[in-house]
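Let me begin by presenting the structure, written as structure tokens, before commenting on it.
Only the coordinates and a few stated rules stand behind these numbers; no lab work does. Being a predicted model, the structure only gives us computed values, none of them experimental. Here the Cβ positions follow ideal geometry from the backbone for every residue, glycine too, while neighbour counts run over all protein chains shown.
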Amino acid sequence: MSLTQILKDNISISEKQLQHFELFNDMLLETNKFLNLTSITDEDEVAIKHYLDSLSVFDAIEIEQNAKIIDVGTGAGFPSVPMLIFRGDLQMTMLDSLNKRLDFIRSSLDRLRLDSNLIHGRAEDFGKNADYREQYDFAVSRAVAGLNVLCEYCLPFVKVGGYFLAMKGPDAENEIATAQNALNELGAVVESIKHIKLIGDIERNIVVIKKICSTPDKYPRTSKKISKSPL
């Protein structure tokens, strides 16, 4: 199968969106030759494990027009770039600690003529910044960390009534159990878990976490404290 065929067979997508995915895919794989963006380089696997996976957030919850979203630890732009290709109305912010990855995303978005706010820095710093703290309808993250840790990094960005969409693997239930204290401390509850089955035996759980009250000012703590004493 091809990238185009996989996308066509699994989502409702326009020709322009397909062209954007093809162009982004070319840039991703070409840049990956000299900058470590992804360990997945087979075109079919990229289509499934990066693009379809990123777009699965739209199956987890309805995201309104012009929603304000932050992707915390965006890496090579997942899930935010596929989300933006699919929904150009979204007000997307992409946060990452490595500027080289953001340079790649910036160049890609320029060629795709898509707009986004790119932030070079750490979530624990920007989560305390009044310009970003509790300013977003949604936070999303595919970062590899326990849910209790991700909640402390991501929930400070979410406005009361908004959502953190945590993209997790098959062990999500156990992670939720471990994260109960973090959720209580940070002012959030798990509203639902959306089980996503991608092509083949690839499974994903999206944990839909609703922010029900403001996060106390002391959070997020420093990364050292978060890693040493997770909530």
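Can you classify the range 62-163 as rounded, prolate or oblate using the Cα gyration tensor, where a ≥ b ≥ c are the square roots of its eigenvalues, rounded means a/c under 1.5, and otherwise it's prolate if a/b beats b/c and oblate if not?
Values: a/c = 1.67, a/b = 1.22, b/c = 1.37.
The shape class here is oblate.
Can you give the extra length, in nm with one decimal, that the chain gains between Asn174 and Gln135 once fully stretched, where that is 0.36 nm per residue apart less the Cα-Cα distance?
Working: separation 39, 0.36 × 39 = 14.04 nm, distance 2.94 nm.
Result: 11.1 nm gained on full extension.
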* Would you mind computing, in nm to one decimal, how far apart the modelled labels at Ile61 and Ser192 are, each placed 7 Å from Cα along Cα→Cβ? => 1.1
* **the range 110-125-the range 69-83 distance, computed between alpha-carbon centres (Å)** => 9
* To do: Between beta-carbons, use under 12 Å as the cut-off and find the net charge around Arg87, counting Lys and Arg +1, Asp and Glu -1.
  => -3
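For the range 31-108, what does the alpha-carbon gyration tensor say about shape, rounded, prolate or oblate, given a ≥ b ≥ c as the root eigenvalues, a/c under 1.5 as rounded, and a/b over b/c as prolate? Don't skip to the answer; put the middle values down first.
Details: a/c = 2.31, a/b = 1.34, b/c = 1.73.
Oblate, since a/c reaches 1.5 and b/c is not below a/b.
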* Hits among lysines - C-alpha to C-alpha of Lys168 under 20 Å, sequence gap 8 or more where chains match -> Lys49, Lys194, Lys197, Lys210, Lys211
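How charged is the neighbourhood of Ser214? Take every other residue with its Cβ under 10 Å from the Cβ of Ser214, and add Lys/Arg as +1 and Asp/Glu as -1.
Working: positive: Arg133, Lys159, Lys211; negative: Glu134, Asp217.
Its environment carries a net charge of +1.
Tally Lys/Arg at +1 and Asp/Glu at -1 over every other residue whose Cβ is under 12 Å from the Cβ of Ile176; what's the total?
On the way: positive: Lys168; negative: Asp171, Glu173, Glu175, Glu191.
Result for the neighbourhood of Ile176: -3.
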* **Spin-label pair Lys228/Asn184, simplified geometry with 7 Å Cα→Cβ offset, distance in nm** => 2.4
